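A short reminder: the numbers here are calculations on the coordinates, not readings from a lab. Keep in mind it's a predicted model, so treat the numbers as computed, not measured. We place every Cβ from the backbone using ideal geometry, glycine too, and count neighbours over all the protein chains shown.
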Amino acid sequence: MMPSLCKTGPSHASGALDSGQTCKYLAGMRPCPLLPALLFLLPVLAAASPRMEAIRVSDDGTHFVTHSSGKPFVIWGVNYDHDDAGRLLDEYWIDEWPTVVEDFREIGDLGVNCVRIHLQFGKFMEAPDRPAPAALSQLARLVKLAEDTGLHLDITGLACYHKKNIPEWYDALPETERWATQAAFWRAVAETCSGSPAIFCYDLMNEPIVSGKKPETEWLGGELAGKYFVQRINLELAGRSREQVAKAWVKRMTDAIRSVDRNHLITVGVIPWAHVWKNAKPFFYSPEVGGPLDFVSVHFYPGKGDVDGSLEALKVYEIGKPLVIEEVFPLKSSIEETAEFIERSRSFTDGWISFYWGKTIEECAQAGDFKGALVAQWLRRFKAMSPHRTAP
């Protein structure tokens, strides 16, 4: 995960009317002889709208298709993790809901069909066995918004990006109890989302790592721009292999989800170690660990001047399951190189998810700085590359 690169002025408010506002508006209108007929037709028009289809893995296990029609489906999306000020979504989505609504409309204009959101553990769990009702209610509201806008959700959970939101009791738990409350988190989230076709997948944790022979004392990895994107699932091996630890954790989380949701896809977004060490092999997607995971998710930032090497590393994760690049951005390489990396990966990759931080292309361009210009240029390029882009 990476920090925002675009900062501009105050956020915008939505002009959309909810159902309550619509009723008040209609009540204030002058009588119209056609109004009863128009109101009578509203349910008919709503029923005529095409229903959003859920996404599943194809029968041969190699790509995504729509659930009922079986049409091939390519993921093209953005991470909607925080706003331009660095606030995480679940820190403002209740008080500033109109902003979220407008952001989803703007995201749709980018030619994408998927939004990756990141849910903080501390915002969703009041106690080890007690989820937070307000957070779950707002999540349900967001799911409905996704349905209304035709955008699928990649729901990444157990986030501990902001230390201030991590409960003291959570860090104090030993591994067994920590896994139990993580499972409770996923059971509550999946139960809230299970009935919606808008859910693309559940991502168990952003960039989890397994501690090795040397015991650790901290659950979180290093800090990046005030956030902690990497998290350990254990502090010590305790006589187990790293594969045994990862397998047990993946099974515990997926079992929790499957107890309430048998249909939606499950994955885990990983650091592509093959991009760091040439001989590295998939770990969470190894035969020993990744059985319950429906598809592969990797976070890829192509190296500068090394598109060939980046593609070679990506191919390590081509294991017979659908492959999604869950994070991609010209962080190290140029815009041209990143675009080339995406284009050349199309033949064996099934999805690409970049970033959107609450500002339109125009707003980023007007920021008047290098970062804003970079984001604006990249979003223009990413939009133009979309397989779902409509003609202007």
| remark: With Cα coordinates, the longest principal axis of the chain makes an angle with the long axis of helix 370-385, in degrees rounded to 10, of 80
| field | Extension gain from residue 259 to residue 180, taking 0.36 nm per residue of separation minus the Cα-Cα distance | value | 27.0 nm
| task | May I ask you to evaluate 6.51 cos²θ - 1.76 cosθ + 1.60, the Karplus curve with θ = phi - 60°, for each residue of segment 207-214 and list the ³J(HN,Hα) values in order in whole Hz, giving x for glycine and proline? | result | 6, x, 10, 10, 5, x, 5, 7
| request: Could you pull out which residues in segment 357-379 have an amide N less than 16 Å from a spot 7 Å beyond the Cα of residue 85, following the Cα-Cβ vector? | output: 357-359
| Within the chain: Cβ-based charge dipole about Cα centre, in debye rounded to nearest 20 (Lys, Arg +1; Asp, Glu -1) | 340
| request: Rounded to the nearest 500, what is the 222 nm mean residue ellipticity of the chain from helices alone, with -39500 (n - 2.57) per DSSP H run of 4+ residues and division by all residues? | output: -11000 deg cm²/dmol
| task | Name the residues whose placed amide hydrogens come within less than 5 Å of the amide hydrogen of residue 81, ignoring near sequence neighbours (fewer than 5 apart) on the same chain. | result | 356
| Relative to the longest principal axis of the chain, what angle (0 to 90°, nearest 10) does the C-alpha long axis of helix 175-193 take? | 20
| query | Residues with amide H under 5 Å of residue 205's amide H, sequence separation 5 or more or different chain, H placed in the peptide plane at 1.01 Å from N; which? | reply | 157, 269
| Under a plain spin-label model, where a point goes 7 Å from the Cα along Cα-to-Cβ, how far apart in nm are residue 348 and residue 224? | 2.4
| task | Tabulate in residue order the Karplus-calculated ³J(HN,Hα) for segment 90-95, using 6.51 cos²θ - 1.76 cosθ + 1.60 with θ = phi - 60°, rounded to whole Hz; enter x for Gly and Pro. | result | 7, 8, 9, 5, 7, 6
| task | Sticking with the crude label model, points 7 Å out along Cα→Cβ, report the distance from residue 277 to residue 68 in nm, one decimal please. | result | 4.9
| field | Residue-span extension gain [residue 94 to residue 129] - 0.36 nm each, minus C-alpha spacing | value | 10.3 nm
| Principal-axis tilt of helix 97-108 within the chain, Cα atoms, nearest 10 degrees | 80
| task | Among the GluC sites (Glu not before Pro) in segment 328-392, which ones are in a DSSP loop with at most 13 other Cβ atoms within 10 Å of the Cβ? Mind listing them? | result | none
| task | May I ask you to derive the relative contact order of the chain, considering only C-alpha pairs under 8 Å and at least 6 residues apart, and to give it as an integer percent? | result | 19
| note | Within the under-14-Å Cβ sphere about residue 259, not counting residue 259, Lys/Arg +1 and Asp/Glu -1 give a net charge of +2
| field | Rounded Å value of the spacing that divides the Cα centres of segment 81-146 and segment 225-254 | value | 26
| Can you list the residues, at least 5 places off or on another chain, whose amide H is less than 5 Å from the amide H of residue 64, using H built in the peptide plane? | 58, 73
| note | Quick calc, residue 240 & residue 171: beta-carbon distance into FRET formula, R0 25 Å, rounding 0.05, result 0.70
| query | So, counting K/R as plus one and D/E as minus one, what does the shell of residues with Cβ under 12 Å around residue 248 add up to? | reply | +1
| note | Simple SL model, points at 7 angstrom along Cα→Cβ for residue 312 and residue 331; separation in nm is 2.2
| said: Through the Karplus equation 6.51 cos²θ - 1.76 cosθ + 1.60, θ set to phi - 60°, convert the phi angles of segment 126-141 into ³J(HN,Hα) values in whole Hz; use x for Gly and Pro. | reply: 7, 7, x, 10, 10, x, 8, x, 5, 5, 5, 5, 5, 4, 4, 5
| said: To the nearest 20 Debye, how big is the dipole of segment 292-343 about its Cα centre, given +1 on the beta carbon of each Lys and Arg and -1 on that of each Asp and Glu? | reply: 160
